[in-house]
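The values are calculated or read from the model by the stated rules, or taken from the named source; none is laboratory data. Note that the structure is predicted; figures quoted are calculated from it, not measured. Methodologically, a virtual Cβ is constructed for each residue, glycine included, from the backbone with ideal geometry; neighbour enumeration extends over all protein chains shown. Calculation scope for accessible area: heavy atoms of the full protein, side chains included, ligands and nucleic acids excluded. Shrake-Rupley method; radii C 1.70, N 1.55, O 1.52, S 1.80 Å.
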Amino acid sequence: MRIGIDVGGTNTDAVLLDGRQVLASVKTSTTADVTSGIVAAIDGLQRQRAFDPAAVRAVMIGTTHFINALVEAHRLAPTAAVRLSLPAGASLPPMVDWPQRLVDAVSGRSYLVHGGHEFDGRHIAELDESELRKAADDMGAAGVRSVAITSVFSPVNAEFEARAAEIIAAQLPDVAISLSHEIGRIGLLERENATVINAALRELAAHIVDGLSASVTGAGITAPLYLSQNDGTLMDVDFARRYPVATFASGPTNSMRGAAVLSGLDTCAVVDVGGTTSDVGVLRQGFPREATTDVSVAGIRTNFRMPDVLSIGIGGGSRVRGNVTVGPDSVGYELTSKALVFGGDTLTATDIAVAAGRAEIGDPALVAQLDRSLVRAALDRIAADVSDVVERMRTSAEPLPVVAVGGGSVLLPDELAGCGEVHRPENYAVANAIGAAIAQIGGEVDRVYVIEPGRREAVVDEAKQEAVDRAVAAGASPASVGIVDFDEVPIPYLPGNATRIRVKAVGDLQLGA
Amino acid sequence: MREITEHDLDDIARGAAILGTGGGGDPYIGRLLALSAVREHGPVPLVPLAEVGDDAVVLPVAMMGAPTVMVEKLPSAEQVGLAARTLAGYLGKELTHIACAEAGGVNSLIPVVAAAQLGLPLVDADGMGRAFPELQMVLPTLYGIRATPMSIADEKGNRGVLDTVDNRWAERLARSATIDMGCSAMISNYAMSGGQARESLVPGTLSLCAELGALVRAARAAHEDPVARVVSRLRGRRLFSGKVVDVARRTVTGFARGEAKLTGMDGDSGSELVLRFQNEHLVAERDGVVQASVPDLICTLERESGEAVTTEGLRYGQRVTVIAAPADPRWHTPEGIALAGPRYFGYDIDPIGVAG
């Protein structure tokens, strides 16, 4: 058995799975301390279907905590960015394009040091260890508690980042260190930004992960705990402590992955209708299509792996107005006091769903008087807006099935104009928790290769093998690992076919005996 | 616009990326560099081409190399200034103006950095009216203006001055040096007098970039079609709207060549458009029939936002509108066609003009 838990901003959802069969599912309120909400969710599962905690083989959690901490600039550690690039890169120092509010929130300090590599692996300059030691002295005096190290072309060669980490750790043994080549892709500012964000979240990550572990062991479960990542794969708690940034978009990813399993469709569009927004993503071979452009998080441009998701302001709590608009504003968590069906005075999408007989929430009598044409028009509006977003996410003329999940998906019709039938699988309301529970383990390579004539096949094979090896090293069962993504971009103006290759491999989590 | 302030940079970057016809690099780094240079040194005076005096000493400045490298090994403002200073020193002349060699996301903004750093005015003009991949492909070549002596500078402080027998050799030797310097170098070349500049450059490029950027921004804010505005301003033609369904790239003689295939949407559904590119878009073929080609501009814009998409940024699934716009008429002379027409790039076709 496995337990999947999705800790969202409003709800904490949990499921108990045997293989892919859902044995129990609960929705509880997210609590400020997270842990008590998780404890309540596990209790809820236990009440619905008694199970032996010792029989649980793994617990998977998806959480929005870390991204919320960044957005709210809350509990971020004093952080230093060290960039190994001189004499290059001095004109655009670390955090150059950040909102000042966040620079202040991380007490951002930056240090430029000699080092870095050229695209082909040569050194731009030798690493200046004395400069690094001086920087470490200064960081120590300034009370820095977390350090982000970024070296030019470290995705090609990470030796300088690793050496710089040794030097800083020798002098400041208590600081956390984040290395950019483990976090982002080529594109220095974006990778550095992601690394600094990661560094700033390290203390909070340790705290939250401890809390999560405690709430799971408190329920008598001894199985390992995993957190889900932006790409739909899992990390163990140790990884989560080191790479909190990798949890940022796990919410929509889990919903999409859950939708795939529940519907049996591994290539489809998924519409996740929540309280405030509907998120639309596309699954290819069971994995979310990744955003190809840089993604801004809390106003900071980054380039770590994120799913390509389009959101519109339509959800169960959306306000519905006269002639006829739905959203984008929402009554949010006040749904249970403001919506008509709960005796409130605000017409919401939930009231429309109840009036149309699509949902039984609150008191249906309170919306019985609603004008039928208004109800019809509101439903049509929702269908048209969602259908437009799905259409925008489609990538070919081939029909793409649509799967609707999330509590608010009752708002969608059985058929979307231009998109066809809407699949609304069983357990759709807890698809996110199911997605967390069935997540797999992945490995990725993203590097510039110099491809000698006639060696392309060999180089591609090498890259693929390395991605597979990384997935296995991360805990995937070797027999189940396959390549799910491959991208090859030649770099212009270079002889010798310099080519950037990205490969991703994933496999099932190998569960301990 | 008589001076470039930090508020103009977004629009210039957005518009320059459109004129870059798929090449010229992602303007993000160029914009940040220009922003920090303008903040440090103040606004850059922008001088209309017609007002550049005969005895002016005009120096175009540009980035040469791979945009993919530039986003990793960030250039510095000093490196930009160094290229211009080196050439001025070699020429033994006092510079009076900086100019743009090409319009493109990066190379419309690098000269802003140079001008700010050196405290010189920038000429509102460029050498192409668009972007092209090789450095001899500028209108000054048609006027017999020599690319060399030219300077090249890297971030480490290495500098070189080349003096070549013709402009093609300048491209070839500078390309080798750029690669050895780590594939992201700053260059300065085509030093010219004010009179030569007035004769050979394309006037009004930076103003046009800023105007295009502002048009796209305003159209989006008003929920109008930004692409239509761009087409109308460039007196161009909408070629095709569709989704990118295939992008094939390969490296040939040091350039990224390739094709993108689009399937039509809306009025174009049922049709297919193939874009052939070498950094910049060269040829657009609809259902096997060439619709537009170099030297005219072929630009891919995101269908909804009107933002330019570079050939490096083309991805499966993007929804784009492809437009064509006429190049400076001088590119359509026999000499212009020989320098940057389809046959130069290996396509055995006559150029298809947007206007004709």
Of the candidates B:Thr178, B:Thr164, the one satisfying the condition of being among the hydroxyl-bearing types (Ser, Thr, Tyr) and either within 14 Å of another protein chain (Cβ to nearest Cβ) or without any contact (Cβ under 8 Å) to a residue 12 or more places away in the chain (or both) is B:Thr178
Please go through region A:443-458 and pick out each residue that is aliphatic (A, V, I, L, M) and surrounded by 18 or more Cβ atoms within 10 Å (Cβ to Cβ). A:Val445, A:Val448, A:Ile451
Checking A:Leu127 against (1) open to solvent by 20 Å² or more (accessible area, probe 1.4 Å); (2) free of Cβ contacts under 8 Å to residues at least 40 places away in the same chain; (3) hydrophobic (A, V, I, L, M, F, W, C); (4) over 23 Å from B:Leu35 (Cα atoms), which test does it fail? (2)
Which members of region A:71-112 meet the condition of being more than 14 Å from chain B (Cβ to nearest Cβ) and in contact with a Phe, Trp or Tyr (Cβ under 8 Å, 6 or more places away or on another chain)? A:Ala80, A:Val82, A:Gly108
Here's a check for you: in region A:120-140, which residue that is touching a Leu at 6+ places or on another chain (Cβ under 7 Å) and in a loop (DSSP other than H, G, I, E, B) is nearest to the other protein chains (Cβ to nearest Cβ)? A:Ala125
Just one of (1) in contact (Cβ under 8 Å) with a residue 60 or more places away in the chain; (2) out of contact with any Gly (no Cβ under 8 Å at 6 or more places or on another chain); (3) in a helix (DSSP H, G or I); (4) not polar (S, T, N, Q) trips up A:Val209, so point out which. (1)
Would you call B:Gly89 of a type in the set (Gly, Ala, Ser) and free of Cβ contacts under 8 Å to residues at least 60 places away in the same chain? yes
Checking B:Ala260 against (1) open to solvent by 10 Å² or more (accessible area, probe 1.4 Å); (2) over 29 Å from B:Ile4 (Cβ atoms); (3) at pLDDT below 95, only one condition comes out false. Which one? (1)
State the number of residues belonging to region B:337-355 that are over 17 Å from B:His281 (Cα atoms) and touching an Asp or Glu at 6+ places or on another chain (Cβ under 9 Å). 1
So for region A:334-345 (the condition being open to solvent by less than 10 Å² (accessible area, probe 1.4 Å) and either in contact (Cβ under 8 Å) with a residue 60 or more places away in the chain or away from chain B (no Cβ under 14 Å) (or both)), does at least one residue qualify? yes
Taking the conditions exactly as written (under 18 Å from the mean Cα position of the chain (by Cα), closer than 20 Å to B:Gly157 by Cβ and part of a helix (DSSP H, G or I)), does B:Val61 satisfy them or not? no
Does any residue in region A:141-167 that is more than 14 Å from chain B (Cβ to nearest Cβ) and assigned to a helix (DSSP H, G or I) come within less than 8 Å, Cβ to Cβ, of a residue that is crowded, with 24+ Cβ neighbours inside 10 Å and not hydrophobic (A, V, I, L, M, F, W, C) six or more places away or on a different chain, and which pairs are these? A:Ala164/A:Gly115; A:Ala164/A:Ser151
Leading residue by the ranking (farthest from the other protein chains (Cβ to nearest Cβ)) among those in region A:274-297 that are of a type in the set (Ser, Thr, Tyr) and either more than 14 Å from A:Leu310 (Cα to Cα) or in contact (Cβ under 8 Å) with a residue 24 or more places away in the chain (or both): A:Thr276
Does region B:25-53 hold any residues that are within 14 Å of chain A (Cβ to nearest Cβ) and either of a type in the set (Val, Ile, Thr) or open to solvent by 20 Å² or more (accessible area, probe 1.4 Å) (or both), and which are they? B:Asp26, B:Pro27, B:Ile29, B:Arg31, B:Leu35, B:Ser36, B:Val38, B:Arg39, B:Glu40, B:His41
When every residue in region B:331-341 that is crowded, with 17+ Cβ neighbours inside 10 Å and not in a loop (DSSP other than H, G, I, E, B) is compared, the one farthest from the other protein chains (Cβ to nearest Cβ) is B:His332
For the subset of region A:462-507 comprising residues that are assigned to a loop (DSSP other than H, G, I, E, B) and within 14 Å of chain B (Cβ to nearest Cβ), which member is modelled with the lowest pLDDT? A:Tyr493
Considering region B:287-320 alone, what residues qualify as being among the polar types (S, T, N, Q) and either part of a helix (DSSP H, G or I) or in contact with an Asp or Glu (Cβ under 8 Å, 6 or more places away or on another chain) (or both)? B:Gln291, B:Thr310, B:Thr311, B:Gln318
When region B:301-324 is checked residue by residue, the ones that are under 15 Å from B:Val283 (Cβ atoms) and either open to solvent by 50 Å² or more (accessible area, probe 1.4 Å) or away from every other protein chain (no Cβ under 14 Å) (or both) are B:Val322, B:Ile323, B:Ala324
Those residues of region A:270-286 which are farther than 17 Å from A:Thr63 by Cβ and crowded, with 24+ Cβ neighbours inside 10 Å, in sequence order: A:Val270, A:Val271, A:Val273, A:Ser278, A:Val280, A:Gly281, A:Leu283
